[in-house]
Amino acid sequence: MLGKVLERLKIAALNKMQLEALEAGKKENDIILLSPTGSGKTLGFLLPVLLNFEKNIIGIQALVIVPSRELGLQIEQVFKSMGTGFKVNCCYGGHSTRTEKDNLRYPPALLIGTPGRLAYHIHHANFDTSTITTLVLDEFDKALEFGFQEDMSFIIQHLKLKKRILTSATEMKVIPDFTGVVKPIQLNYLQVSPTQPQGLKLKIVKAVGKDKQEELFGLICKLGTKPTLVFCNHRDAVERISELLKNKSLSHGIFHGKMEQDDRERALIKFRNGSHHILITTDLASRGLDIPDIENIIHYQLPHTEDVFIHRNGRTARMNATGTSYLILSETEHIPPFIKEIPIEEKLPIVNTNPQKARWCTIYIAAGKKDKINKVDIVGLLLQKGKLQKDELGLIEVLDYSSYAAVDIRKIDSVITLIKNEKIKNRKIKMEVSI
């Protein structure tokens with residue numbers, strides 16, 4: 001089965017950490033897996049989980065607890081891509097509890113969820129915990145940081161486990177007793193891996209005075225249309241920068257924990273499909289998100305610790321690619337002491353020119369998987385009725401009750417006009433430019 005899984009994932013071979021995790025999964029011991037962001041931890045724990053699945057068992061066999069819905073959805077997608085034949089579901093705050101309850105009537109072999117939502121379903125007896133033998137606490141350090149200890153403890157009290165797998169991207173001095181982890185096999189790849197990706201360049205931009213907004217805008221203009229994440233320490237800074245870019249007529253997305261779930265999801269979709277080249281975010285986006293091909297990281301506000309710096313930079317220069325990390329320093333700020341490498345100073349142009357507009361624009365379709373809509377339906381509609389050529393249609397993402405398609409921005413008006421009265425699967429469905 002392993003060979004077929006790797007073939008479906010288009011992976012030539014497992015890395016050393018994944019191979020060691022797979023071997024550890026064959027033993028009865030619990031596992032603590034410490035490995036940096038972007039090192040392949042998801043596959044590192046999914047393979048041992050899959051190893052212990054039994055086809056004749058009806059019910060949930062493994063539970064994965066995650067600190068954020070985005071991480072949960074990413075793990076769900078990876079597992080689906082593995083093509084194991086086992087069902088998987090994901091539960092999280094902001095999602096319909098009724099839909100999740102209906103899904104759980106036909107229980108998956110693998111259930112993924114955020115602590116609060118899983119605790120809700122256990123409290124309401126929406127799934128049977130008696131068949132769950134494996135527990136994964138993914139990004140456990142982040143879950144503790146977010147204050148999920150009480151919910152996680154409640155969940156674990158209701159489980160009779162044979163194996164626990166705990167993953168973290170930072171060293172943990174003490175493992176809380178409520179996890180029940182006993183005599184674990186510890187796989188520590190934090191020191192083995194470099195503190196920053198090998199293909200990463202570090203650069204600094206020096207600001208005049210304390211306000212760094214103009215330098216940020218100048219750097220964004222210089223970087224042009226390359227996918228860029230701008231990190232802030234607080235959500236008010238995210239909103240403040242967003243206002244600046246709006247005033248400069250510069251299209252972008254924002255992402256932070258106080259946004260509605262649908263808005264966060266839309267922001268990531270538009271960033272992934274190229275409708276936005278810039279995403280202004282807190283450290284919520286530094287781990288566990290499916291946002292590939294990031295070329296630039298901008299630290300608008302300096303990270304407080306080395307761990308945060310590593311996690312932010314881990315979003316770029318992944319899988320042997322290259323990337324650049326920029327630190328914007330005010331006159332009163334200095335390079336943090338944990339940065340040993342001397343960054344190159346980046347000079348900004350005297351006159352700023354707004355980057356070219358994105359090639360893509362996103363269409364929102366008010367139907368998804370639960371409405372029996374798939375990518376083939378959307379492709380057929382947009383090519384046949386929308387009169388698009390194949391190269392004028394970009395990434396399509398189908399969610400439970402909505403779908404999103406990237407369309408060449410030059411064709412967006414004509415496409416909307418052509419499809420506004422069309423049907424999908426004999427149903428009239430709302431279709432419009434995504435706000």
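A cut-off under 14 angstrom between Cβ atoms defines the neighbours of L393, and their net charge, with Lys, Arg +1 and Asp, Glu -1, is +2. The slack between I57 and A13, meaning 0.36 nm per residue of separation minus the straight C-alpha distance, is 12.8 nm. For the pair T99 and I342, label points projected 7 Å from Cα toward Cβ lie 5.5 nm apart.
Stretching the chain fully between N188 and K369 yields a gain of 61.2 nm (0.36 nm per residue, less the alpha carbon separation). Say the dipole of the chain comes from +1 at the beta carbon of Lys and Arg and -1 at that of Asp and Glu; which of Y120, P349, C232 then lies farthest toward its positive end? Looking along the dipole axis, the top candidate is Y120.
Taken as Cα centroids, region 357-435 and region 1-42 sit 37 Å apart, rounded to the nearest whole angstrom.
Dipole magnitude for region 248-303: about 140 debye, using +1 per Lys or Arg Cβ and -1 per Asp or Glu Cβ, origin at the Cα centre.
Sort 87-93, 370-376, 39-45 by the packing proxy (mean of other Cβ within 10 Å over each peptide's residues), most packed first. Walk me through the numbers on the way to the answer.
Details: 87-93: 20.1, 370-376: 14.9, 39-45: 22.6.
Taking the mean over residues of other Cβ atoms within 10 Å, the ranking is 39-45, 87-93, 370-376.
When only the Cβ of Lys, Arg, Asp and Glu is charged (+1, +1, -1, -1), the dipole of region 91-149 relative to its Cα centre reaches about 280 debye. Cα centroids of region 227-250 and region 61-121: how far apart, whole angstrom? Centre-to-centre distance over Cα atoms comes out at 32 Å.
Go ahead and collect, in residue order, the members of region 336-369 whose backbone nitrogen is under 16 Å from a label point 7 Å along the Cα-Cβ direction of E306. It comes to 336-342, nothing else. Pairs exceeding a 20 Å alpha-carbon distance, out of K226/K347; K80/K375; K10/K372; K201/K248: K10/K372; K201/K248. If you take all other residues with their beta carbon under 10 Å from the beta carbon of G209, and give Lys and Arg +1 and Asp and Glu -1, the sum is -2.
For percent of Cα pairs over 43 Å apart, the value calculated from this model appears in (1) 11; (2) 27; (3) 15 under label (3). Counting only DSSP H runs of at least 4 residues, each contributing -39500 (n - 2.57), and dividing by the residue count of the chain, the helix-based mean residue ellipticity at 222 nm comes to -9000 deg cm²/dmol. Starting from the Cα of K246, draw a straight line to each of the lysines and keep only those under 17 Å, dropping any in the same chain fewer than 8 residues away. The reachable lysines, counting only those whose Cα sits under 17 Å from K246, are K212, K270, K357. Ordering of 73-86, 273-286 by packing is 273-286, 73-86, highest average first (other Cβ atoms within 10 Å, averaged per residue).
Each Lys and Arg adds +1 at its Cβ and each Asp and Glu adds -1 at its Cβ; summed about the Cα centre, region 360-433 shows a dipole of about 360 debye.
Taking +1 at the Cβ of each Lys and Arg and -1 at the Cβ of each Asp and Glu, which of G323, T131, V433 sits farthest along the dipole of the chain towards its positive end, judged by Cα position relative to the Cα centre? Of the candidates, V433 comes out farthest on the positive side. Pairwise Cα separations in region 2-188 fall into 10 Å bins from 0 onward with the following percentages, short to long: 9, 40, 39, 12, 0. Farthest toward the positive end of the dipole of the chain, out of L381, Q61, F86, is the Cα of L381, where the dipole comes from beta carbon charges about the Cα centre.
Since every read-out is calculated from the coordinates, none of them should be taken as a lab result. Computed from a predicted structure; not experimentally measured. Using ideal geometry, Cβ is built from the backbone for each residue, glycine included, and neighbour counts are taken over all protein chains shown.
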